[in-house]
Amino acid sequence: MRNWSIFTAKFSGLEVRIHFTFLALLIFLLLTETARGGPRVIPRIFMLTGLILLAVLLHEIGHAIVSARQGFPVKGIVLLPIGGLAMIDSTVQEENARNLRTETLIALAGPLVSAILAGVTALILVVIGPAHNLWLPPLVTVANLGVSFFWINLSLFVFNLLPAFPLDGGRILRAFLAQRMEFRQATRRAVSVGHVFAGIFMLTGAAANIQWLMLVGFFIFMAAQIEERTMMFQSVVDAVQMGDIMLTEFSILSPADTLEDALHKAVHCLQDDFPVVSSGDLVGVITRQTIVERLRAEGNGYVQGAMNRAFEIASRTESLGSAFRKLTSRGLSLVPVVDEERLVGIVTLQHLMHSMGLLAESRRLKRQTEDQK
């Protein structure tokens, strides 16, 4: 999910990222609104985009709060113009999505926030001006940001109730399907429904010349694609074992090696992370970055004084998903693989991401071949 998104902020342990589709939205607004009002409206275009971003963020915070209260804390969210995608541990996500009641409560929290925001905005607009201004087209425009904020939230409320995965209604649909079939099959069915809705919106928008509807269809399609690739990715990491992808040819360091010797070895190999071994026993790990930082700050010393003694290990039969969770949950970059207390391989974060990407692509191509048959 981090692909094609940028880190924005982190608060209360929740990482917030903005997907590139917001850039597509900004370009669309620049093209349409400057054609009507000229270059002078450009600052208001950025303000309108900011209001959409704010509405989506508040919508997703509603999901995150209810999810945490249900015992399923969200690690992060990726914001798209139609809503957001939650970054959550795969095992927790599946457990959550299989519980229809829990998933429904979490899914409805976002639309409820959007409905409240729309109601409060409408009330304020009615107090300070004529109520009928809410219904005069264009509904979302830089000319009236207050009315636009009302319609932005009302649209988030309405569209997210549709059973178009990964919109909130689509998540409820997946939870319903997961009661009757395997979770990943339920996800694929829900994604297919999402694609149907996306196609309908884009075709209807093109036929009726409603550009906003076409854009919504595009955003739904993109979000469904992200969720489908994430699900495929997870199916790969849970099925493949560490012994299948671990590096068996790698360099090691000794605690008695100097940092200059370690840097020399790092320069002449492709590794960024090294296990530290003494008398055949794994005693620590050290990264190329740590070596460079210690040399700059303290001068030459020994690996023993710079290595990290707190590390995780894995067995040959452990899944990639388990290794990935160990790496990301503790901020590690290397997991040694041991067999009968003997170091037999290593998996680094860089190598793991590369391998999982290739495996996911291989799984996708294999599925396409099977579908064609």
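Below are the figures for this structure:
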quantity: Antiparallel %, DSSP beta bridges [both residues in the range 6-89], to 5; calculated: 70
quantity: Average accessible surface area per residue within the range 215-275, 1.4 Å rolling probe, Å²; calculated: 45
quantity: J(HN,Hα) series, the range 248-254, from Karplus relation 6.51 cos²θ - 1.76 cosθ + 1.60, nearest Hz, glycine and proline x; calculated: 9, 10, 8, 9, 10, 10, 9
quantity: The range 1-64-the range 195-249 distance, computed between alpha-carbon centres (Å); calculated: 20
quantity: Accessible area in square angstrom per residue, the range 1-68, 1.4 angstrom probe; calculated: 53
quantity: The range 22-113 - percent of accessible surface contributed by carbon and sulfur, probe 1.4 Å; calculated: 69
quantity: Calculated Rg and Dmax of the range 221-317 using C-alpha coordinates, Å; calculated: 17.9, 56
quantity: Among Glu15, Glu33, Glu260: highest mean-square fluctuation, GNM of the chain, C-alpha pairs under 10 Å; calculated: Glu260
quantity: Degrees, to the nearest 10: 42-69 long Cα axis against longest axis of the chain; calculated: 60
quantity: Principal-axis tilt of helix 349-372 within the chain, Cα atoms, nearest 10 degrees; calculated: 60
quantity: GNM result for the chain, Cα springs below 10 Å: residue of His264, His59, His351 fluctuating most strongly; calculated: His264
quantity: Cα pair count fraction exceeding 13 Å, expressed as % - the range 212-256; calculated: 72
quantity: Estimated vicinal HN-Hα couplings, Hz - the range 71-85 in sequence order (Karplus 6.51, -1.76, 1.60; Gly, Pro = x); calculated: x, 10, x, 8, 7, x, 9, 10, 8, 10, x, 9, x, x, 10
quantity: Accessible heavy-atom area order of Arg294, Arg174, Arg36, highest first, probe of 1.4 Å; calculated: Arg36, Arg294, Arg174
quantity: Within the chain, percent of DSSP bridges classed antiparallel, to nearest 5; calculated: 80
quantity: Peptide ranges 295-301, 281-287 listed from the most packed, as the mean C-beta count within 10 angstrom indicates; calculated: 281-287, 295-301
quantity: Residue-averaged [θ]222 nm for the chain, counting only DSSP H segments that reach four residues, each worth -39500 (n - 2.57); calculated: -20000 deg cm²/dmol
quantity: Computed over the chain, the ratio Rg/Rh where both radii use C-alpha atoms and Rh is Kirkwood; calculated: 1.07
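The values are calculated or read from the model by the stated rules, or taken from the named source; none is laboratory data. Worth saying up front: this structure is predicted, and the values here are computed from it rather than measured. Please note: Cβ atoms are built from the backbone with ideal geometry, for glycine as well, and neighbour counts cover all protein chains shown. Heads up: the accessible areas ignore ligands, DNA and RNA and are worked out on the full protein's heavy atoms, side chains in. Shrake-Rupley method; radii C 1.70, N 1.55, O 1.52, S 1.80 Å.
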